[in-house]
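What follows is one structure encoded as structure tokens, with my remarks underneath.
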Amino acid sequence: MKKFFLTITTLIISTTIMLSATTKTSTGKKQKRVSLTQPEVILLDSKITKEWYISLGWDYDFYINNIKNFLTKEKIKFTIISDEQLENLSPSANKILVLPNTRGMAKKSVESVKKYVLSGGKLFATYQTSIGDEKYQKVVPNRFQLEDIFGAKWLR
């Protein structure tokens, strides 16, 4: 869990957005103005994953609440969304979608995440995100549904 928090903190810091605009001064010279803005974290609180955790005897609420508490403590702005809200998510320069070990993902959710990333959205996913479907089954043995987006494969 500590590694997750260190990784997400590093991600937030390293993706602080520099917004720049060029304006003209009173003498007509171009002047570049730069401002920093902290990205907004969009945290998926997945019902499918919660049910899968419960079926394994894992404490999903403890896990997700630790993430929320960490973001709050670090004063990192975040919004919590559900599985259903993924399809309406639109990318922006200062949003990062976080999928915290979102093991079970419906095909519709997988397609929504792919669309979000391919449209320029930023994604941070941990551990076994997208390894299974909404019925807690591995879709393809030892493969992530989002492996083309991750640029990574499951190794054993």
Legend entry - For residue 80, residues with placed amide H under 5 Å, excluding near neighbours: 43
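Over region 43-150, what is the relative contact order in percent, taking alpha-carbon pairs closer than 8 angstrom and at least six residues apart? Display every interim value, and only then the final one.
Working: 147 pairs, mean separation 29.3, N = 108.
Reported relative contact order: 27 percent.
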Inset, instruction - Amide H neighbours of residue 99 under 5 Å, at least 5 residues apart or on other chains, H built in the peptide plane: list them. - result: 124, 125, 126
Legend entry - Cα-projected label distance for residue 62 with residue 40, points at 7 Å along beta-carbon direction, nm: 3.3 nm
Legend entry - Under 5 Å, built H, 5+ apart or other chain: amide partners of residue 74: none
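Throughout, read-outs are computed from the coordinates displayed, never taken from laboratory work. Small disclaimer: the values here were computed from a predicted structure and weren't measured. Note: ideal-geometry Cβ built from the backbone for every residue, glycine included; neighbour counts use all protein chains shown.
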